[in-house]
Amino acid sequence: MPTTDSITRKIQGAATADVCSDELRWDPWAYDAPRRGSRLPVYGAGASQWDTIPRSAPVQREIPERYRAMAPEEVAARIGAARARLGFRLVILGHHYQRDEIIRWADFRGDSFKLSQQAAGRREADYIVFCGVHFMAESADILAADHQRVILPNMAAGCSMADMADEAQVLACWRQLDEILGRREDRAAAVPVTYMNSSAALKAFCGERGGVVCTSSNATRVLEWSFARGERVLFFPDEHLGRNTGDKLGVPDDAMVVWDPRRPLGGNSVEALRGARLILWRGWCSVHVFWRGWCSVHARFTTTQIAEARRRYPGINVIVHPECRREVVAAADLDGSTELILETIASAPPGSQWAVGTEINMVNRLAAAHPDKLIFCLDPVICPCSTMYRIHPAYLAWVLEALVDGEVVNEIVVTDSVKASARVALDRMLALPGRPAPAAARR
Ligand code: 13P
Ligand code: SF4
């Protein structure tokens, strides 16, 4: 493991001002059910801490006491032993944002899309343990073979962005758009496009209505496909990825409107909706935004941080995830998915300098893997994706030891009907030509 100091150890040793929330130092089981205290369940440290988790979100039952009491060395030894016992029947997938103490066990690492493909490609594995967040495990279950069982080590590992759009809200929006904008016999008022960061139900929604799924690495190609099939696109749930992709395709500003599900007509006039080409859902990743003053991963990145990095290191390359706000993406040199950020920096010449706008565990590992390059996170405060961070080694030990005993804990099951429609939307994306374009420099 090419890491000098894991984020977990850095958090434990950091001053309060150097972490986005003291909650990061809590035990992960503080979020298990029954939830202690009178507080409503929230996403936790590093997320938009005033947003409560939807009632429909899965709840993690209490992890057995013996795992809570274990020393880290014992937990690691048990994970290693269980993994060896399960052999080829098990595949462990690790998203780039997982902590080092988890990623060391991953058979494959990748972005959300690549990991789902890995899951689908390992037909000999009976168990797919997905160290990531809920929507990723659902996508793996959609693409997996019937005999494969997908497991999420901690059910409280959701995604605050994915939770910003639910099926009922999107259906209400869809009906209003059809009513206002009219639908022709063969064509709805808009083509629905959902980001990978969404529930299986929303992927199915798109599959049933001529729509498609996109990821941060192919959003441009997916939108081109969609505009060839309809004059308008309804894009959810990430407003920023939608707008940044609209910018790349030259969609004019006044042809991009935001749909706020809490307001009549999404907060728009009928005229604005008639003139719209891209209707953007009001949702974002709290990891990538400093929003209304609260910490909400990609919303935390700012143009001020970019200006400061350029002042300190003239000529430095700035690369960010497209979930960041428009002005941050515009001020960066490059933007792309986690996998593209990784590949771009890995293939850069020795001595090159990189300021990175994405999650801290991934940036920390990149820096350790490439000591010949200067690599740092744009955000000086340590603020991991709080929900990814809930995949603590104790949960991994628990689910693996249960599998050795023949018990499946924390299985993710997408119903057959949802799976079939969601698969249609995913297959439309997979049928698009070419592999994701490398991150293109704008400056
Ligand atoms: P990737 O698909 O680039 O891995 O992004 C997933 C994500 O949730 C980033 O915040
Ligand atoms: Fe969701 Fe943001 Fe975490 Fe990505 S970083 S999984 S968008 S909360």
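Applying the Kirkwood pairwise sum to the alpha-carbon positions of segment 163-290 produces a hydrodynamic radius of 14.3 angstrom. Close amide-amide hydrogen proximity is noted between Asn317 and Gln353, Trp354, Ala355, each under 5 Å apart and 5 or more residues distant or on a separate chain (H modeled in the peptide plane; Pro and chain starts excluded). Across segment 392-399, coupling constants 3J(HN,Hα) worked out from phi with the 6.51/-1.76/1.60 Karplus curve, θ = phi - 60°, read 8, x, 4, 5, 5, 4, 4, 5 Hz, and Gly and Pro carry x.
The mean sequence separation of alpha-carbon pairs under 8 Å and at least six residues apart, normalised by the residue count of segment 163-290, gives a relative contact order of 26 percent. Sequentially through segment 332-344, phi angles give Karplus couplings (6.51, -1.76, 1.60; θ = phi - 60°) of 7, 7, 9, 9, x, 5, 4, 5, 5, 4, 4, 5, 5 Hz, Gly and Pro residues having no value and appearing as x. Between their Cα atoms, which of Lys203/Lys373; Lys114/Lys248; Lys10/Lys248; Lys10/Lys203 are more than 31 Å away from each other? Table pairs above 31 Å Cα-Cα are Lys203/Lys373; Lys10/Lys248; Lys10/Lys203.
Pairs of C-alpha atoms in the chain farther apart than 33 Å represent 33 percent of all such pairs.
For segment 218-232, the Karplus equation 6.51 cos²θ - 1.76 cosθ + 1.60, evaluated at θ = phi - 60°, returns couplings of 9, 4, 5, 5, 5, 5, 4, 4, 5, 5, 6, 10, x, 7, 10 Hz by residue, with Gly and Pro reported as x. Using the Cβ-Cβ distance between Glu73 and Ser269 with R0 set to 60 Å, the FRET efficiency works out to roughly 0.45.
Summarising the amide proton neighbourhood of Gly158: residues at separation of 5 or more, or on other chains, whose placed amide H is nearer than 5 Å comprise His134.
With both labels modelled 7 Å from their Cα along Cα-to-Cβ, the Glu62 to Trp26 distance reads 1.6 nm.
Using the Kirkwood radius over C-alpha pairs as Rh, can you work out the diffusion coefficient of segment 301-377 via Stokes-Einstein at 4 °C, viscosity 1.567 mPa s, in µm² per second? Answer, rounded: 106 µm²/s.
Only the coordinates and a few stated rules stand behind these numbers; no lab work does. In this text, all values refer to a predicted model and were calculated from it rather than measured experimentally. Heads up, the Cβs are rebuilt from the backbone with ideal geometry, glycines too, and the neighbour counts pull from every protein chain shown.
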